[in-house]
Amino acid sequence: MATGETSTGNIQRGNTLPNGDIYVGNFAGLVPHGFGKYMWTDGTLYYGEWDTSKMTGRGVIQWPSGASYDGDVCGGFIDGTGTFKGVDGSLYKGSWRMNKKHGMGTMVYANSDTYEGFWNEGLPEGFGKYTWANGSTYIGSWKSGKMNGRGVMKWTNGDTLDCNWLNGLAHGKGFCKYASGACYIGTWDRGLKDGHGMFYQPGSKIPCNLEVSECVTDHDVSSASSSGNENVNSGLLFLLQKLCNTWRIRNLFHRPRRISNGTAPVFDDNSGNHLSEDSSTEPLTTGGCLQDSGVDKVLVYEREYVQGVLISEKPKGHDSGMPDSGKTQEHTWQKQAGGPMETIYKGHRSYYLMLNLQLGIRYTVGKITPVPLREVRSNDFGPRARIRMYFPCEGSQYTPPHCSVNFFWKDYCPMVFRNLREMFHIDAADYMMSICGDDSLKELSSPGKSGSIFYLSQDERFVIKTLRKTELKILLKMLPKYYNHVRAYDNTLITKFFGVHRITLKGGRKVHNQVLVELFMYSVYAYVNVIYGFVQVRFVVMGNMFCTELRIHRKYDLKGSTQGRSTKKQNINENTTLKDLDLSYVFHVDKPWRDALFRQISLDCMFLESQSIIDYSMLLGIHFRAPYHLKTSSSHQNSPETGISDTDLLQYGEKSSWKGFLLVAHEPGTTVGGSHIRGSMVRASEAGYEEVDLVLPGTGRFRVQLGVNMPARALKVCEDMNTELKNPDSIEEYDVVLYLGIIDILQEYNVSKRVEHAVKSLKFDPLSISAVDPSSYSKRFVKFLESVFPEQD
């Protein structure tokens with residue numbers, strides 16, 4: 001064993017440690033310091049810099065398996081920049097933190113795929129580019145190792161898809177440019193086209209603002225299509241490295257531990273998830289195309305897909321024969337890209353109201369939750385059962401400082417709604433995180449006919465709606481009976497209320513004028529009271545009955561009346577809620593389900609009639625399933641969440657023709673999560689009257705309840721309620737999943753409604769108008785729904 005003195009004054013020697021490890025190098029006293037070589041008993045070797053017994057500085061690590069690392073280490077961890085060579089031939093160059101890839105880096109996998117971009121805790125996350133060995137590329141956002149967010153995928157055949165992505169699959173609004181020059185603008189769901197869209201034939205004039213996402217240019221996409229590091233876009237690399245430099249300063253206060261030999265790639269190869277495209281860029285049907293001899297005009301088609309299957313197509317019009325077609329198409333694309341709602345941001349017209357609402361709910365829920373749960377008492381109801389608090393901007397003894405305007409907060413009947421949330425299995429922490437978390441609320445882009453403003457929580461579990469003062473009085477008046485009704489009937493279809501609140505804004509004239517102008521823009525002045533310089537806005541928090549992983553293809557608001565109950569065709573889009581006369585389907589459901597459904601509808605209507613409520617409606621959401629024999633192979637691939645075997649799928653295919661669903665015995669804990677967990681499950685006759693789950697191959701397993709995840713068979717019996725089918729011999733039939741509930745239950749049959757009934761009866765059939773007495777309204781409502789859900793022969 002040699003010893004000596006180095007030029008730095010450190011002693012250089014070698015030693016065998018009691019555990020069998022060997023160190024040869026510089027010491028400072030009794031601890032390694034400077035340059036040295038350390039070998040573990042399992043054969044792992046490190047040679048490089050040390051700092052007071054910790055591997056810190058530049059060094060090389062070699063594992064017995066053949067993997068190696070050359071780069072920065074800090075405090076015993078791989079931390080900084082370096083190169084890792086895996087035993088399988090993979091190579092990573094880039095930033096590390098605490099033994100995990102973190103920051104900017106480039107990974108070349110064993111199968112020759114490459115990823116260049118940001119990493120987080122060992123997985124691609126942030127902005128990055130993935131190039132498959134066959135030349136296909138994806139440039140865009142990542143999360144937890146999968147394509148997630150906005151991004152552009154380009155295949156080797158020249159097809160390009162600019163879309164939102166979720167868990168590695170196209171999911172959301174987007175557009176696809178085919179190599180032939182054709183283009184499709186629409187919506188994708190789990191990698192498949194789903195819903196309405198516009199198809200532009202090659203040579204058509206597409207919207208002028210239809211360009212690749214801002215995160216990627218056409219040059220980036222084309223340069224990324226070739227494999228290898230030599231073709232990496234230098235501008236993209238410089239931008240990513242510049243951003244990464246801000247991540248380099250870290251506080252490292254962790255206990256050192258041995259470096260593990262992790263060599264497996266973290267990215268699952270999705271090269272098989274090819275774009276679900278048409279077999280041809282030509283339209284499927286041309287019999288209805290408009291023709292104009294002598295003029296070459298190319299049509300644009302409106303299409304509708306269900307799980308990747310094209311179920312309808314019709315010509316939209318000539319791209320050169322319509323005035324201002326460019327503006328029209330541009331507006332259509334902007335409308336589709338924006339969607340039916342927008343996230344509230346700082347500077348948004350509803351920003352202050354959102355902040356006040358979140359502050360108030362966080363305060364009152366946090367105050368009422370620690371109170372021991374008890375049965376409600378009579379003094380828990382009524383307008384005097386409330387929590388009031390003033391929220392100044394600078395904060396107070398009871399409230400935190402905030403960046404909104406000064407406001408007063410009132411929470412009505414807090415103990416009652418606390419018990420209702422418990423009754424509906426809404427956890428207090430989840431409730432606050434959903435509405436008051438770091439994410440902003442979403443605002444519906446256009447209010448309903450009533451003029452209410454609607455907000456959604458980011459997870460879309462809860463709907464927040466503005467109330468008139470008269471509606472608030474009705475709700476507080478009926479609340480005791482409502483509480484007893486929903487407690488007695490856990491399968492009630494009536495709207496679930498979780499809280500009622502009032503915000504009173506206190507501020508200068510500038511604040512008042514700003515809020516009033518914003519509310520006037522919505523035509524909701526009836527929902528605001530201005531009293532002695534104070535602006536008052538009331539809100540109710542409700543459950544969102546369309547909170548589901550399934551896409552809702554059609555929505556109907558059904559009252560049972562006919563006067564004014566249709567929608568102008570030019571106003572209809574995929575986000576429109578249709579009305580009674582627009583309904584063109586009847587629905588066949590299992591007999592026990594239908595009996596239970598109408599038993600509950602009758603009980604709910606009896607309750608509403610006892611409270612003199614009218615103008616309520618059945619909100620019906622329909623999820624269409626593609627005809628099984630038309631589904632592409634990718635549309636019913638097994639999903640790990642479903643737990644379905646190939647044998648189950650075979651049995652699924654052998655079901656009777658009108659019930660193309662797989663129903664299995666319910667198993668707690670196996671269904672897809674959702675907000676509809678209260679209520680007993682319905683029993684299926686074909687399953688021996690057992691409680692069942694609905695299994696949708698490639699999607700998930702869903703708990704079947706009354707009005708939630710209900711399988712049915714939809715038969716198209718007319719074009720709409722006033723138009724018969726053009727070809728009655730060919731009846732369209734679809735497997736559907738239904739969601740339904742009774743909404744708008746805060747309108748009494750008062751003097752104004754009696755006058756409305758008398759006036760409209762002079763011009764229209766008294767039975768066709770909405771404003772009728774509660775008894776007549778209830779009977780007509782049930783009778784209409786019985787025609788929508790007819791008994792089977």
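To the nearest 0.05, what FRET efficiency results for T470 and N167 with a Förster distance of 35 Å applied to their C-beta separation? Write down the numbers at each step before the final one.
On the way: r = 46 Å, r/R0 = 1.31.
So the FRET efficiency works out to roughly 0.15.
Loop-located chymotrypsin sites (Phe, Trp or Tyr not before Pro) in the range 361-459 (DSSP state not H, G, I, E or B) with no more than 11 neighbouring Cβ atoms inside 10 Å: Y398. Under 5 Å between amide hydrogens, built in the peptide plane, is the criterion, and for V87 it picks out A67 among residues at least 5 positions away or on other chains. Distance between the modelled labels on M423 and V751, one decimal in nanometres: 3.3 nm (7 Å Cα→Cβ projection). Per-residue packing, averaged as other Cβ atoms within 10 Å, sorts the ranges 604-614, 145-155 into the order 145-155, 604-614, beginning with the highest. Listed values for the range 142-156 are Karplus-derived 3J(HN,Hα) couplings in whole Hz (6.51 cos²θ - 1.76 cosθ + 1.60, θ = phi - 60°), namely 10, 8, 6, x, 10, 4, 8, x, 7, x, 10, 10, 10, 8, 5, and x replaces Gly and Pro.
For the range 747-763, putting each phi into the Karplus relation 6.51 cos²θ - 1.76 cosθ + 1.60 with θ = phi - 60° gives couplings of 10, 7, 7, 9, 4, 4, 6, 5, 5, 4, 4, 5, 5, 5, 5, 5, 10 Hz, in residue order, rounded to whole numbers and with x for Gly and Pro. For V717 and L603, the FRET efficiency from 1/(1 + (r/R0)^6), where r spans their Cβ atoms and R0 equals 22 Å, is about 0.20. Taking the accessible area of the range 377-453, probe 1.4 Å, and keeping the other protein chains in place, the carbon and sulfur fraction comes to 50%. Each peptide in 746-755, 190-199 gets a packing score, the mean of other Cβ atoms within 10 Å over its residues, and the list from highest to lowest is 190-199, 746-755. Close amide H partners of M104, meaning residues 5 or more places away or on another chain with modelled amide H under 5 Å apart, are S95, W119. Taking 45 Å as R0, compute the FRET efficiency from the Cβ-Cβ separation of Q458 and S768 and round it to 0.05. According to the calculation, E is roughly 0.65. Among the protein heavy atoms, those of Y352 account for about 80 Å² of accessible surface (1.4 Å probe, every chain in place). Model label points for R349 and A28, set 7 angstrom from Cα along the Cα-to-Cβ axis, are 6.5 nm apart. Counting 0.36 nm for each residue step from A179 to M433 and taking away their Cα separation leaves a gain of 86.9 nm. Legend: residue pairs K100/K146; K473/K753; K469/K760; K154/K177, Cα-Cα distance threshold 19 Å; pairs beyond threshold, K469/K760. Residues H425, H402 ordered from highest to lowest accessible area at a 1.4 Å probe: H425, H402. Ranking of T364, T470 by solvent-accessible surface, largest first: T470, T364 (1.4 Å probe, protein heavy atoms only, all chains present). For C718, no residue whose modelled amide H falls within less than 5 Å of its own remains once neighbours fewer than 5 places apart on the same chain are excluded.
The values are calculated or read from the model by the stated rules, or taken from the named source; none is laboratory data. Because the structure is predicted, anything quoted here is derived from the model rather than measured. Ideal geometry is used to build each Cβ from the backbone, glycine not excepted, and the neighbour counts take in all protein chains shown. Heavy atoms of the whole protein, side chains included, go into the accessibility calculation; ligands, DNA and RNA do not. Shrake-Rupley method; radii C 1.70, N 1.55, O 1.52, S 1.80 Å.
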